[in-house]
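First the structure, in the form of structure tokens, and then the observations on it.
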Amino acid sequence: MSKRSVAIVTDSTADLPPQLAASRSSTVVPLTLNVEGQSLLDGVEIQPDEFYRRLPSVTTHPTTSQPSPGRFAEAYTSLLAEHVAIVSIHISEKLSGTYASARQAADMTDPKRIRVVDSELVSMSLGLITLVASAMAAGGAEAETIEAKMLEMRSHIQTYFSVATLEFLRRGGRIGRASALLGSVLQVKPVLCIRDGLVTPLERVRTFDRALNRIVELARETDRGHGVCVIVGHANASSDADRIGRELEPIAETLMIQPLGPVVGAHAGPGVVGVGCYPAELFPLGIKRASSAQSRA
């Protein structure tokens, strides 16, 4: 690897399949899932399939914690031995302490060579912006240029999702502006988004099926005539995710379908389905992984 290249770092809430992250030379620093007395590294010591299998039988709600500054510093030190600089892109600061931890680690390590970016995103959308950064780094872009592109693109990446229940967001303290929906006597399903780095209610519909239809419509509206780059994510809901993928495939320049990792799943809850997407002309990625079964391989 060229010592003049820029290293890309993200965290496990990007929910990128390990093989894809590795193939794009992206380093993933894991958060920790605390469940039934165990502390497990997200995507390393516990995988999505195992987590969703265990979730119905847990007696206390799983909690999560950000990586320590020391864990980030270890990754940074190793990468700086072979790279001229690092761009480290993370989950919204309003949803996690991960960005602050990475910022602290950068200050401890070599702040002039490490640029830490608050993506203001999470999960599928964080995965997309990380893939853009990796492609830019592979093309020889400098750290300053990559950072500027991240800051420019983050407001153009849309995140739309629906949950089977708001309870997991409430318990995990990540419900944000969607707290307004709690206690509703109506049997409605929320269509949620990420706005300004927070979970925000967008619409309410009568059934989960309608919520899925609305997510597809919203993703299609991102298309400016050149297709969309989209990741469909799901928490143990592969058939729903595959359905969204099939409906978006005709306009997808990039399409991936993948399970949400344990940390994101602990806050969103089983059954959640969503998309991260942006207009393809902003940065075509040219990736097709259009099967949730493939993404678990």
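Considering segment 17-32, and only residues there that are at pLDDT 95 or above and of a type in the set (A, V, I, L, M, F, W, C), the residue that is nearest to residue 266 (Cα to Cα) turns out to be 31. For residue 171, state whether it is open to solvent by 70 Å² or more (accessible area, probe 1.4 Å), in contact with a His (Cβ under 9 Å, 6 or more places away or on another chain) and either at pLDDT below 90 or not acidic (Asp, Glu) (or both). Here the answer is yes, as residue 171 does meet what is asked. Restricted to helices (runs of 4 or more DSSP H) entirely inside segment 1-88, those with at least 2 residues that are crowded, with 19+ Cβ neighbours inside 10 Å and in contact with a Gly (Cβ under 9 Å, 6 or more places away or on another chain) are 48-54.
A quick yes/no check of all residues on (1) in contact (Cβ under 8 Å) with a residue 40 or more places away in the chain; (2) in contact with a strand residue (DSSP E or B) (Cβ under 7 Å, 6 or more places away or on another chain); (3) polar (S, T, N, Q); (4) over 29 Å from residue 281 (Cα atoms):
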{"residue": "44", "(1), (2), (3), (4)": "no, no, no, yes"}
{"residue": "79", "(1), (2), (3), (4)": "yes, yes, no, yes"}
{"residue": "99", "(1), (2), (3), (4)": "no, yes, no, no"}
{"residue": "103", "(1), (2), (3), (4)": "no, yes, no, yes"}
{"residue": "112", "(1), (2), (3), (4)": "no, no, no, yes"}
{"residue": "126", "(1), (2), (3), (4)": "yes, yes, no, no"}
{"residue": "152", "(1), (2), (3), (4)": "no, no, no, no"}
{"residue": "155", "(1), (2), (3), (4)": "no, no, yes, no"}
{"residue": "158", "(1), (2), (3), (4)": "yes, yes, yes, no"}
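Screening residue 143 on (1) closer than 23 Å to residue 215 by Cα; (2) surrounded by 20 or more Cβ atoms within 10 Å (Cβ to Cβ) shows it passes everything except condition (1). Tallying residues that are at pLDDT 95 or above, outside any helix (DSSP H, G or I) and either crowded, with 24+ Cβ neighbours inside 10 Å or not polar (S, T, N, Q) (or both) within segment 198-224 yields 2. Out of the residues in segment 89-105 that are polar (S, T, N, Q) and over 19 Å from residue 149 (Cβ atoms), state the one that is surrounded by the most Cβ atoms within 10 Å (Cβ to Cβ). Per the criteria, the residue is 98.
So for segment 117-132 (the condition being surrounded by 18 or more Cβ atoms within 10 Å (Cβ to Cβ), charged (D, E, K, R) and assigned to a helix (DSSP H, G or I)), does at least one residue qualify?
Applying the first criterion (surrounded by 18 or more Cβ atoms within 10 Å (Cβ to Cβ)) to segment 117-132 yields 117-132.
Within this subset, residues satisfying the condition of being charged (D, E, K, R) are 118, 120.
Next, from what is left, pick out any that are assigned to a helix (DSSP H, G or I): none.
No, there is no match, as no residue in segment 117-132 is surrounded by 18 or more Cβ atoms within 10 Å (Cβ to Cβ), charged (D, E, K, R) and assigned to a helix (DSSP H, G or I).
If you filter segment 229-246 down to residues that are polar (S, T, N, Q) and not in a loop (DSSP other than H, G, I, E, B), you find that the one that is most open to solvent (accessible area, probe 1.4 Å) is 239.
For residue 108, state whether it is in a helix (DSSP H, G or I), open to solvent by 60 Å² or more (accessible area, probe 1.4 Å) and either on the phi > 0 side of the Ramachandran plot or in contact with a helix residue (DSSP H, G or I) (Cβ under 6 Å, 6 or more places away or on another chain) (or both).
Values: in a helix (DSSP H, G or I): yes; open to solvent by 60 Å² or more (accessible area, probe 1.4 Å): yes; either on the phi > 0 side of the Ramachandran plot or in contact with a helix residue (DSSP H, G or I) (Cβ under 6 Å, 6 or more places away or on another chain) (or both): yes.
For residue 108, the condition - in a helix (DSSP H, G or I), open to solvent by 60 Å² or more (accessible area, probe 1.4 Å) and either on the phi > 0 side of the Ramachandran plot or in contact with a helix residue (DSSP H, G or I) (Cβ under 6 Å, 6 or more places away or on another chain) (or both) - is met.
The single residue among 96, 125, 68, 101 that is at pLDDT below 95 and out of contact with any Leu (no Cβ under 6 Å at 6 or more places or on another chain) turns out to be 96. Scanning segment 261-291 for residues that are more than 25 Å from residue 136 (Cβ to Cβ), part of a loop (DSSP other than H, G, I, E, B) and open to solvent by 10 Å² or more (accessible area, probe 1.4 Å) turns up 270, 271, 291.
Residue 249 meets the conditions (1) touching a helix residue (DSSP H, G or I) at 6+ places or on another chain (Cβ under 6 Å); (2) touching a residue at least 40 places away in the same chain (Cβ under 8 Å); (3) open to solvent by 10 Å² or more (accessible area, probe 1.4 Å) in every case but one. The failed one is (1).
For residue 255, state whether it is over 30 Å from residue 60 (Cα atoms), at pLDDT 95 or above and in a helix (DSSP H, G or I). Answer is no for this residue.
The values are calculated or read from the model by the stated rules, or taken from the named source; none is laboratory data. Quick caveat, the model's predicted, so the values are computed rather than measured. With ideal geometry, Cβ positions are generated from the backbone for all residues, glycine too; neighbour counts draw on all protein chains shown. Calculation scope for accessible area: heavy atoms of the full protein, side chains included, ligands and nucleic acids excluded. Shrake-Rupley method; radii C 1.70, N 1.55, O 1.52, S 1.80 Å.
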